[in-house]
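The values are calculated or read from the model by the stated rules, or taken from the named source; none is laboratory data. From a predicted model like this one, the values you see are computed outputs, not experimental measurements. So basically every Cβ, Gly included, is an ideal-geometry build from the backbone, and we count neighbours across all protein chains shown. Side chains are part of the model used for accessible areas, which takes the heavy atoms of the whole protein and leaves out ligands, DNA and RNA. Shrake-Rupley method; radii C 1.70, N 1.55, O 1.52, S 1.80 Å.
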Amino acid sequence: MAGPDKPDKAGSAAAEGSSSKDSSNAQRFTPVQSSSTEDNAAPPTSTSSSSLTTSVVIEYLRTRGFERSEQVLKAELEALAAGKSPEEAQAAGVAAGGTPYARTLSMGELASKSAPRDLAGAAAGEKGQASGAGGAANPGPLEVLAADALKIDRTDRTRGFGMVRNWCQGGLDVYQAELRPLLLPLFVHSYLDLVEMGLDAAAASLLALHGDSLLPLHPGLLAHLRSVTRRVHMGADELVQRFRAERYVLKMSQTVFGLLLGWLTDGTGPVASAGAGEGVGGNEAEPPATRGRLAMLRIINERCRIQVLRAKPYELTPEMLEEGTGLTSAGPSYSAVGTGPAGGSKRGAASTSSTGASRDYPALQSAAVSQGGDAIAEFNAKNAGPQLKLGPKFPLSERLADEVQREATEEVRDEEEERKQREKKERGTSPPAEKGQKDGEQMDGVETSTADKQGENDTSESPRKRSKSKEATPARASRAGTGTPAPGAKASGSVAPQSGKDKGGATNLGGDEDDRSDLIQPTVADLPPQAPLFRSVDIMREVAKLRDARKSLRIDPSLPASSSSGSTTTPWMRRAALPSICAYTYHDVGDAGLTCSTFSEDTTLMAAGFEESYVQIWSLKGEPLAGLRGDVHLPDVRDRTSLERQRVKVKRQRPNGQEDEGEDPAYLSTRKLIGHSGPVYSLSFDNVGGTASAPRTLLSSSADSTVRLWSMDTLSALVSYRGHQGPVWNVEYSPSSIYFATAGADRTARLWSTERAHALRMYAGHLSDVDCLSFHPNSLYLATGSSDRTARLWDVQRGACVRLFVGHSSPVGCVKVSPDGRYLATAGSGNGGGSGLGAASGEDEASISLWDLGSGRRIKKMWGHQGRINSLDFTATGNVLISAADDCTVRCWDVRGTGGAKGASASPEDGDVAGISNGGAGGNGVIPGSGVRVEDASADCVATFRTKRTPMVDVRVTPRNLCLVAGAYDAGPLSGMDGEM
């Protein structure tokens with residue numbers, strides 16, 4: 001080659017080398033071919049000048065560390081000097097430079113090489129480790145973010161979600177229950193990723209293309225996502241922050257999980273081309289399709305936790321897949337992973353992170369998959385261990401227990417003597433017994449009349465009983481057979497059998513099921529601080545509990561169709577073994593808006609709260625509720641008797657026109673309590689005296705962020721408790737009535753003492769409003785339900801969450817702990833709109849879940865209500881759960897029965913017993929005006945009581961197993977109908 005061309009070639013090589021960032025970016029050089037025309041020939045240049053220039057360029061490349069560029073230059077110069085053509089010289093340079101020049105750079109490599117260097121971050125991480133070829137050996141955080149931003153393809157997530165959706169929908173029907181829940185987290189995080197990266201148009205496109213597929217199950221969530229269109233919206237949105245901070249828990253069988261992981265990593269598998277659509281099928285191996293699948297795999301790796309179950313797909317029920325899934329607030333949180341060539345992991349293998357790769361599934365982090373491990377079970381075991389003190393008996397001090405035992409023994413002995421006297425008197429006045437009736441036995445009818453005489457006409461009651469244990473309960477008049485059967489007589493199906501003697505010879509006074517409980521019983525030392533001395537009212541309360549246990553109605557929903565002796569049980573007998581319900585209807589509520597209702601423990605008072613900020617109470621016995629005079633002389637008030645003298649007297653009009661001083665029950669049997677400045681949401685009477693005496697105080701919670709304590713003696717407010725930062729949704733007295741708990745919109749529940757104006761404990765952990773609560777019978781634990789779709793059990797003393805219950809797809813509207821201390825019933829409000837916090841089922845249904853407090857597992861799921869469930873309560877023995885709802889029904893559920901769908905073999909008699917066919921449904925089994933068939937309920941629904949236009953807001957089961965319900969009559973289109981059951 002001519003001499004004048006060499007300096008130009010060398011200069012070009014030097015310029016190329018100086019602009020390169022590292023040795024791997026060495027460029028290819030093509031020598032300039034000289035023209036053979038003499039007119040265009042360059043002026044002659046000396047050979048020494050050309051050699052000097054080449055030496056300078058080579059020295060420059062060596063100094064800058066461009067070793068491969070130096071090798072390429074030398075190889076091309078040597079080839080040209082040997083007389084080879086320019087093409088051959090270029091090939092020699094490529095061979096000398098090595099293989100990196102013979103392949104195309106991937107998007108990930110190009111982004112990594114083009115990203116600006118974060119030398120300060122790399123030096124801080126590795127103490128100044130030098131950068132090598134291809135970038136820093138330990139790139140800084142800013143360099144990693146820059147590389148991620150450069151390799152973004154805005155279509156990857158939209159394409160990837162479409163591919164996963166088509167693949168899931170094209171799978172076998174047996175896999176659908178496991179695959180459908182996967183679409184929700186992938187869609188949400190794909191959308192939020194695009195919004196976070198500022199790709200608003202791509203996010204809107206994703207929502208428009210695929211939002212309709214999730215609309216039937218999650219309308220509320222999609223409506224919420226449409227309001228999040230900017231990155232600034234994400235920082236202020238609680239739901240979005242929860243999605244980004246927690247891992248979304250899913251459950252899959254090993255078969256389905258293996259198919260999913262194989263398709264995401266390789267695009268292969270037994271159903272790789274199922275549901276072929278855009279981006280699915282023949283073009284799976286194309287780079288855009290690969291990037292889409294890896295984008296979905298990365299979301300699963302960073303944002304999800306898949307619990308792999310060792311079960312066959314056909315063995316998994318929807319209830320099993322729903323429990324403990326979704327955003328559970330337990331388990332590992334979000335953690336980023338390293339990226340591979342296409343924005344995902346290399347061939348599905350996640351780069352090493354702080355959590356490490358899974359041993360069984362290297363494509364995923366250990367936090368993204370668990371083999372049989374349950375995050376909820378791990379959380380419960382970590383916080384409380386497997387054992388809780390769930391014994392239902394409220395522990396009493398030794399002196400109080402001895403006094404209660406003595407009083408109760410005397411009462412039982414007096415009742416026995418009175419019974420013998422009545423029998424002796426009846427033998428002397430009544431005709432001889434009929435054939436077949438032995439001496440000492442009673443017929444059912446005689447037993448009933450005896451009970452009535454004992455309660456109404458008996459005048460031999462001792463002064464001790466009249467002064468200490470006056471009964472005030474409608475249970476006696478509600479059903480026949482509330483008395484105690486004679487020795488040797490058979491107890492009827494609705495009467496609890498009389499207690500006998502225990503092994504030690506002491507009289508068993510009732511409640512022996514508690515003594516036989518296998519649960520750990522608490523002690524007095526486990527309780528929150530109690531009064532040092534007991535009062536006479538404490539003795540009356542405990543004695544009344546034993547009396548109620550002896551005389552309570554027997555509720556047995558599991559009564560068989562035929563007895564062991566061969567006699568057939570009639571439908572009427574089976575119906576008699578179910579609860580009796582007394583319904584109270586509020587009329588003419590109008591614009592006042594009934595918000596809550598409650599009954600006192602002794603069933604003498606009923607109270608209701610209204611949206612117009614007042615509380616109204618009624619006397620269920622028709623007795624006057626008179627307030628105090630305005631000129632009360634407080635020094636004269638020393639006890640309750642002297643207080644009665646200070647009450648207002650009303651002139652009562654006689655028929656002859658004269659006036660007589662007295663109290664007018666028609667006017668004073670109801671009173672209003674005014675003091676709140678917002679709607680009243682919850683009420684709770686104290687149970688200091690139990691069923692032995694009327695309540696003394698009433699608690700009310702309101703939207704004005706306060707709880708007020710009202711005196712039933714003065715009918716005025718005593719204290720206003722402040723502390724919540726928002727509406728107080730629920731308030732409830734503890735079993736001892738020394739403490740009470742509140743649930744508020746500030747995501748906390750709080751424990752209070754009536755003696756202090758400030759909260760004693762705060763229970764924080766829910767991620768949304770705490771809507772409801774319920775005390776355990778032994779008062780050691782407090783159950784709460786929240787709008788975050790979870791329920792929690794708290795240790796009252798420590799303030800720690802000891803159990804977490806996840807499984808509802810809508811806010812938890814009410815909770816109730818069973819009297820035996822074993823179970824927790826929670827009801828979904830059914831108005832969540834499929835928010836996506838629950839995974840397996842986005843159905844907006846009002847269902848009831850029954851949980852085992854010991855293990856934290858769900859026992860079964862009960863469904864049948866078509867409206868929001870407002871209240872739950874158990875019978876005294878805990879074998880029947882009663883619910884009241886907005887669908888104008890009250891349903892009874894067999895706690896110990898098998899749930900699931902109803903069988904088609906139910907007989908007409910079973911329908912009659914269940915109160916369905918003759919409880920308002922038509923001959924075709926459809927509830928009039930609702931379009932709901934009676935079969936739309938789980939098999940453990942044993943009775944349904946319907947009203948026509950009265951949504952039920954409260955249910956209360958008395959200690960003697962009479963059920964009281966209340967609701968406001970809705971004078972809608974069917975105003976001509978009554979609202980009675």
- Message: Quick test for you: out of Glu378, Glu434, pick the one residue that is at pLDDT below 85, open to solvent by 20 Å² or more (accessible area, probe 1.4 Å) and under 42 Å from the mean Cα position of the chain (by Cα).
- Response: Glu378
- Message: Let me spell it out: the conditions are (1) closer than 18 Å to Ala825 by Cα; (2) in a loop (DSSP other than H, G, I, E, B); (3) not hydrophobic (A, V, I, L, M, F, W, C), and His758 meets all of them except one. Which number is the exception?
- Response: (1)
- Message: Can you report the number of residues in region 795-817 which are closer than 19 Å to Ala381 by Cβ and either without any contact (Cβ under 8 Å) to a residue 12 or more places away in the chain or surrounded by 24 or more Cβ atoms within 10 Å (Cβ to Cβ) (or both)?
- Response: 5
- Message: As an exercise: evaluate Ser768 against (1) at pLDDT 90 or above; (2) surrounded by fewer than 24 Cβ atoms within 10 Å (Cβ to Cβ); (3) under 17 Å from the mean Cα position of the chain (by Cα) and give the number of the one condition it does not meet.
- Response: (1)
- Message: Quick check on region 300-322: of everything there that is more than 23 Å from Gln241 (Cα to Cα) and among the acidic types (Asp, Glu), which residue is most open to solvent (accessible area, probe 1.4 Å)?
- Response: Glu315
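Of everything in region 224-252, what is in contact (Cβ under 8 Å) with a residue 60 or more places away in the chain and in contact with a His (Cβ under 9 Å, 6 or more places away or on another chain)? Give them in sequence order. Talk me through it step by step, then tell me what you get.
Keep residues of region 224-252 that are in contact (Cβ under 8 Å) with a residue 60 or more places away in the chain, which gives 224, 238-239, 242-252.
Within region 224-252, Leu239, Phe243, Arg244, Tyr248 meet the criteria.
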- Message: Suppose we filter Glu418, Glu403, Glu426 for residues that are open to solvent by less than 60 Å² (accessible area, probe 1.4 Å), modelled with pLDDT of 50 or more and in contact with a helix residue (DSSP H, G or I) (Cβ under 6 Å, 6 or more places away or on another chain); which single one remains?
- Response: Glu403
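Consider Asp844 carefully, then state whether it is open to solvent by 40 Å² or more (accessible area, probe 1.4 Å), modelled with pLDDT of 90 or more, more than 26 Å from Lys382 (Cα to Cα) and not small (Gly, Ala, Ser). Spell out how you get there, then give the answer.
Values: open to solvent by 40 Å² or more (accessible area, probe 1.4 Å): yes; modelled with pLDDT of 90 or more: no; more than 26 Å from Lys382 (Cα to Cα): yes; not small (Gly, Ala, Ser): yes.
The answer is no for Asp844.
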- Message: I need a count of the residues in region 181-223 that are in contact with a Ser or Thr (Cβ under 8 Å, 6 or more places away or on another chain), crowded, with 20+ Cβ neighbours inside 10 Å and free of Cβ contacts under 8 Å to residues at least 40 places away in the same chain.
- Response: 2
- Note on the structure: Exception for Val934 within (1) at pLDDT 85 or above; (2) surrounded by 21 or more Cβ atoms within 10 Å (Cβ to Cβ) falls at (1)
- Asp852 is checked against (1) modelled with pLDDT under 90; (2) open to solvent by 20 Å² or more (accessible area, probe 1.4 Å) and fails just one. What number does that condition carry? (1)
- Query: Do you know which residues across region 770-809 are among the aromatic types (Phe, Trp, Tyr) and either assigned to a loop (DSSP other than H, G, I, E, B) or closer than 23 Å to Lys393 by Cβ (or both)?
  - Reply: Phe775, Tyr781, Trp794
- Task: Just need a number here: residues in region 677-719 that are without any contact (Cβ under 8 Å) to a residue 40 or more places away in the chain, of a type in the set (Ser, Thr, Tyr) and touching a Gly at 6+ places or on another chain (Cβ under 9 Å).
- Result: 2
- Considering every residue within region 705-718, establish whether at least one is within 23 Å of the chain's Cα centre (by Cα) and open to solvent by less than 20 Å² (accessible area, probe 1.4 Å). no
